Amino acid sequence: MSRKHRNEDLIVRRIVRSFPPSRSQTVRQFLSLGIGDDAALFRPKPGHETILTCDWFLEGTHFLRDKHPPDSVGWKCLARPVSDIAAMGGAPRCFLLSLALPETHTGRWLSLFLGGLRRASREFQCALAGGDTTRRNEILINVAVVGEVRSGSALLRSTARPGDFLYVSGRLGEAELGLQIVRQGQGAASKNNLLIRKHLYPEPRLALGQWLVKKGLATALMDLSDGLSSDLSRLCAASAVGARLEKAKIPRIQAPQVAVKHGCDPLQLALHGGDDYELLFAVPPSKAKLIQENFRGVGLTAIGKITRKRQLMLLEENGRTRQFLPRGWDPFRKTQ
C-alpha cells in the first residue's frame, strides 16, 4: 500500500475514533449500518418522510484559516445543513462528511476540527454515517444531512398566504457583526462574546421548527442563512406573494453603539446580514395569538405581513412605505 493511502487510512481512522458507535436506541432505529462499509444503510421510521440536504463550507468563502478557530469550523459545517432540517420542522438523524485538506492540517488542526464537529453531532443528535477524504491545498468541506419529518407535515417556503403574519426568531444581524469582529482578528481570543459566538457557533432552531409543525401554527417556514432581505424574497417568490415589514419591529442587535464602532448600521445588518440561522415563518391571523413572545428563551417577533402585491415593502416610523431589494449574501455577486 502506498504512503498516500496509508496516510489517508490513518486520517479516516482518526475520524472514526472521534465518533464512536452510539448506544442510543434512537440512532439504532434508523442507522442499521454506519461507518465501516462502502455505504451506510438508513431505515426511515414508519410514517415519516426523509429530508435530504447538503452544504459546502469552504476556506476563503465561508471561513478564514487564520481567523476562525478549527473547532468552530467543525461545529458550523454541521450546524448549517442541520438548520435546513429545522426549516422544515424535521429532526436530523445522520450526516456524511466530505473533507479535503492539506497535509499540514492533518495534525492539531484536524483534531480541533473533529472536536467541534463531535460536539455539534452530539448536540444535534446527528450521527456520522460516513463520507470521504482527500488532499488539497485549501480546506474544502461538504456535509450532507439526512433528517425525518412526519409524513405530510413538512413546512415549506411555498405555502405562505396573503394576510399571514411574518415572524422571526432571535435577533438579526448579530452573526454578521460577529464576522466583522472576527475579520479584525478578535475572534480566537473572544469566543465568549455573544456576537462572535453567534457567528462561530450558530444554533439551529430545531425545537422551534418541530414545535411549529406539531402545533400546526405556521403556513410557511425557512431559515435565515443569507440575510432577511434575500431569504424573504425567496419565500415570497416561492409562494407568489409579497411582504410588508415594519421597520420598528425588526429585532436587531441590542447594543447599536457596537455596530457603529465597527462601521455598521444595525438596521442594514438586520435586513441584509447573513449567517443568523434563525427561522422566518408565516402564521395565519387566526393562530397569531398562539405565538408566544419567546420559545425556550429565544424571542419570537412579528415583523410584518404577507401581501398580494409581489413586492418587498418597508414601513418607516413616519408611516411611509418604501420598496427594498434583496441585498443579502450571494456567492456569485462580484462584491459583497
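The values are calculated or read from the model by the stated rules, or taken from the named source; none is laboratory data. Nothing here was measured: the structure is a model prediction, and the numbers come from that model. Every residue, glycine as well, gets a Cβ built from its backbone with ideal geometry; the counts of neighbours run over all protein chains shown. Just the protein is used for accessible areas: all its heavy atoms, side chains included, with ligands, DNA and RNA removed. Shrake-Rupley method; radii C 1.70, N 1.55, O 1.52, S 1.80 Å.
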Practice prompt. When a/c is below 1.5 the answer is rounded, else prolate if a/b is larger than b/c, else oblate, so apply that to the chain with a ≥ b ≥ c taken from the square roots of the Cα gyration tensor eigenvalues.
Written response: oblate
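How high is the relative contact order of the range 172-304? Use alpha-carbon pairs under 8 Å, at least six apart in sequence, and give a whole percent. Provide the component values of the computation, followed by the final result.
On the way: 183 pairs, mean separation 52.8, N = 133.
Relative contact order, the range 172-304: 40 percent.
On average, how much area does the Cα convex hull of the range 187-336 cover when viewed from any direction, in nm²? Don't skip to the end; give the middle numbers.
Details: hull surface 42.2 nm².
Spelled out: convex hull of the Cα atoms, projected over all directions, averaged, 10.5 nm².
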Practice prompt. From the C-alpha gyration tensor of the range 127-172, pull out the three semi-axes of the equivalent ellipsoid (sqrt of 5λ each), sorted largest to smallest, in whole Å.
Written response: 36, 18, 10
Worksheet, complete the sentence: For the range 203-247, the Cα-Cα pair-distance distribution in 5 Å bins from 0, as whole percents, is 5, 18, 24, 23, 23, 8, 0
Discussion item. Give me, ordered by chain and number, the residues 5 or more places off G273 or on other chains with an amide H under 5 Å from its own placed amide H.
Written reply: L228
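Rounded if a/c is under 1.5, else prolate if a/b is larger than b/c, else oblate: which is the range 241-322, with a ≥ b ≥ c the root eigenvalues of its Cα gyration tensor? Please list the in-between numbers first.
Numbers: a/c = 2.01, a/b = 1.24, b/c = 1.61.
Oblate, because a/c is 1.5 or more while a/b does not exceed b/c.
Ordered by packing density, taken as the mean number of other Cβ atoms within 10 Å over each peptide's residues, highest first, how do 57-65, 91-99 rank? List each step's numbers first, then the result.
Details: 57-65: 16.1, 91-99: 22.3.
For the peptides 57-65, 91-99, the packing ranking is 91-99, 57-65.
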Response to the item:
Kirkwood radius from Cα pairs of the range 99-216 plugged into Stokes-Einstein at 37 °C, 0.692 mPa s, gives D in µm²/s equal to 185 µm²/s
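Of D265, D223, which has the most accessible area with a 1.4 Å probe, and how do the rest follow in descending order?
Values: D265 75, D223 10 Å².
Output order, biggest surface exposure first: D265, D223.
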Discussion item. If you restrict to DSSP beta bridges whose two residues both lie in the range 194-336, what percentage is antiparallel, to the nearest 5?
Written reply: 80 percent
Worksheet item: How many percent of the accessible area of the chain is carbon or sulfur, using a 1.4 Å probe?
Response: 50 percent
Worksheet, complete the sentence: Amide H proximity to A127 below 5 Å, modelled H, separation 5+ or other chain, gives C94, F95
Discussion item. Viscosity 0.692 mPa s, temperature 37 °C: give me the Stokes-Einstein translational D for the range 248-291 in µm²/s, with Rh taken as the Kirkwood radius over C-alpha pairs.
Written reply: 262 µm²/s
Fill in: Solvent accessible area, Å² - T133, 1.4 Å probe, full protein context
20 Å²
Worksheet, complete the sentence: In whole Hz, the Karplus estimates of ³J(HN,Hα) for the range 320-329 (6.51, -1.76, 1.60; θ = phi - 60°; x where Gly or Pro) are 7, 10, 9, 7, 10, 10, x, 9, x, 5
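In deg cm²/dmol and to the nearest 500, what is the mean residue ellipticity at 222 nm of the chain if only DSSP H runs of at least 4 residues count, each as -39500 (n - 2.57), divided by the residue total?
Values: 10 runs with 107 residues, N = 336.
It comes out at -9500 deg cm²/dmol, rounded to the nearest 500.
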Discussion item. Under the rule of at least 5 residues apart or a separate chain, name every residue whose amide H is placed under 5 Å from the amide H of L312.
Written reply: A243, F324
Practice prompt. On a C-alpha basis, how far is the centre of the range 54-71 from the centre of the range 82-131 in Å? Whole number, if you could?
Written response: 13 Å
Worksheet item: In sequence order, what are the phi-derived ³J(HN,Hα) couplings for the range 239-246 according to the Karplus relation 6.51 cos²θ - 1.76 cosθ + 1.60 with θ = phi - 60°, rounded to whole Hz, with x for glycine and proline?
Response: 9, 6, 9, x, 8, 10, 9, 9
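What shape does the range 225-272 take by its C-alpha gyration tensor, where a ≥ b ≥ c are the square roots of the eigenvalues and a/c under 1.5 counts as rounded, a/b above b/c as prolate, and the rest as oblate?
On the way: a/c = 3.92, a/b = 2.27, b/c = 1.73.
It is prolate, given that a/c is not under 1.5 and a/b is the larger ratio.
Rounded to the nearest 5, what is the percent of antiparallel bridges among the DSSP beta bridges in the chain? Walk me through the numbers before you get to the answer.
On the way: 45 of 59 bridges.
DSSP beta bridges in the chain are roughly 75 percent antiparallel.
Could you check what % of the DSSP bridge pairs in the range 40-154 are antiparallel, to the nearest 5? Can you show the working numbers first?
Numbers: 20 of 29 bridges.
If I count the DSSP bridges inside the range 40-154, around 70 percent turn out antiparallel.
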Worksheet, complete the sentence: With the 1.4 Å probe rolled over protein heavy atoms, the chain has an accessible area per residue in Å² of 50 Å²
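By per-residue mean of other Cβ atoms within 10 Å, what is the highest-first order of 150-160, 293-303?
Values: 150-160: 16.8, 293-303: 13.9.
Ranking the peptides 150-160, 293-303 by packing returns 150-160, 293-303.
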Worksheet item: In whole percent, what relative contact order does the chain give with Cα contacts below 8 Å and a gap of six or more residues?
Response: 21 percent
